[in-house]
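Okay, so here's the structure we're looking at.
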Amino acid sequence: MDLKLPITIVDELTDDEVRSEGELDLASGEIRHVRYLDAQGGAQGFPAARDDYEFTLGILRNGAREVEFRIEADLLRSRYSVTASELLELKVRAAKLFSQPTPKLH
């Protein structure tokens, strides 16, 4: 299965957050093509390597609906990924998200 989905990545820091976009490979859990949404986002290097780093989460969207999930940050390679167990849970939640009709906004 070659299914890649666009996601939002949020690195939570003590007093701030760094937002970026990327592409989640649902087969491997790898996250590629990460782009910071703010020009200052990556200016201080990989956010997870900062002293004030707390955790990283991902957001998958379908219209107005969202699914949040945990993202692992690999400091040595400066890359993101999703663990196998989190990926399995995300696939179930994403299937529900995408199988429901998008709510109409008035």
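The values are calculated or read from the model by the stated rules, or taken from the named source; none is laboratory data. Every value quoted in this text rests on a predicted model; they were computed, and no experiment measured them. Don't worry about glycine lacking a Cβ; one is built from the backbone with ideal geometry, like all the others, and counts go over all protein chains shown.
Here are a few things to note about the model shown:
- Residue in the stretch 87-98 that is part of a helix (DSSP H, G or I), in contact with a strand residue (DSSP E or B) (Cβ under 6 Å, 6 or more places away or on another chain) and at pLDDT 90 or above present: yes
This table checks each residue for (1) in contact with a Lys or Arg (Cβ under 8 Å, 6 or more places away or on another chain); (2) assigned to a strand (DSSP E or B); (3) surrounded by fewer than 14 Cβ atoms within 10 Å (Cβ to Cβ).
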{"residue": "5", "(1), (2), (3)": "no, yes, no"}
{"residue": "10", "(1), (2), (3)": "yes, yes, no"}
{"residue": "23", "(1), (2), (3)": "yes, yes, no"}
{"residue": "27", "(1), (2), (3)": "no, no, yes"}
{"residue": "38", "(1), (2), (3)": "yes, no, yes"}
{"residue": "70", "(1), (2), (3)": "no, yes, no"}
{"residue": "101", "(1), (2), (3)": "no, no, yes"}
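- Flag if residue 21 is at pLDDT 95 or above and more than 30 Å from residue 101 (Cβ to Cβ): no
- Inside the stretch 54-67, residues that are out of contact with any Phe, Trp or Tyr (no Cβ under 8 Å at 6 or more places or on another chain) and at pLDDT below 95 make up a count of 6.
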